[in-house]
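One structure below.
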Amino acid sequence: MSNFIVDSANIVSFPRPCSLCESMENVQKFAGLMLCGNCQENIRITNPGIFETNTQIEQKAQD
């Protein structure tokens, strides 16, 4: 399997690096960005409660 997705003008390689620190480890989409685990944790620590509403919505959807 190829590590590239080819569009008519763009080549996107996977895995993609972290949008903030360029790390390639444990990168996943978080808050609309591709972020590594360290950057995700830093966002959670510096912005406590920012995703609390989302968690409440998800819990209500599961009930």
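All of the numbers you see were taken from the coordinates with simple rules; none came from a lab. Just so we're clear, the structure is a prediction, and the values are computed from it rather than from any experiment. Heads up, the Cβs are rebuilt from the backbone with ideal geometry, glycines too, and the neighbour counts pull from every protein chain shown.
Structural remarks
- In range of the label at Ala61: residues from the stretch 38-52 whose backbone nitrogen is under 20 Å from the point 7 Å along Cα→Cβ: 49-52
- In this structure, the amide hydrogen of Met34, modeled 1.01 Å from its nitrogen in the peptide plane, lies closer than 5 angstrom to those of Ser19, counting only residues at least 5 positions away or on a different chain.
- For the stretch 25-37, backbone phi angles converted through the Karplus equation (6.51, -1.76, 1.60; θ = phi - 60°) give residue-by-residue couplings of 8, 6, 8, 8, 6, 8, 6, x, 10, 8, 10, 7, x Hz, Gly and Pro being listed as x.
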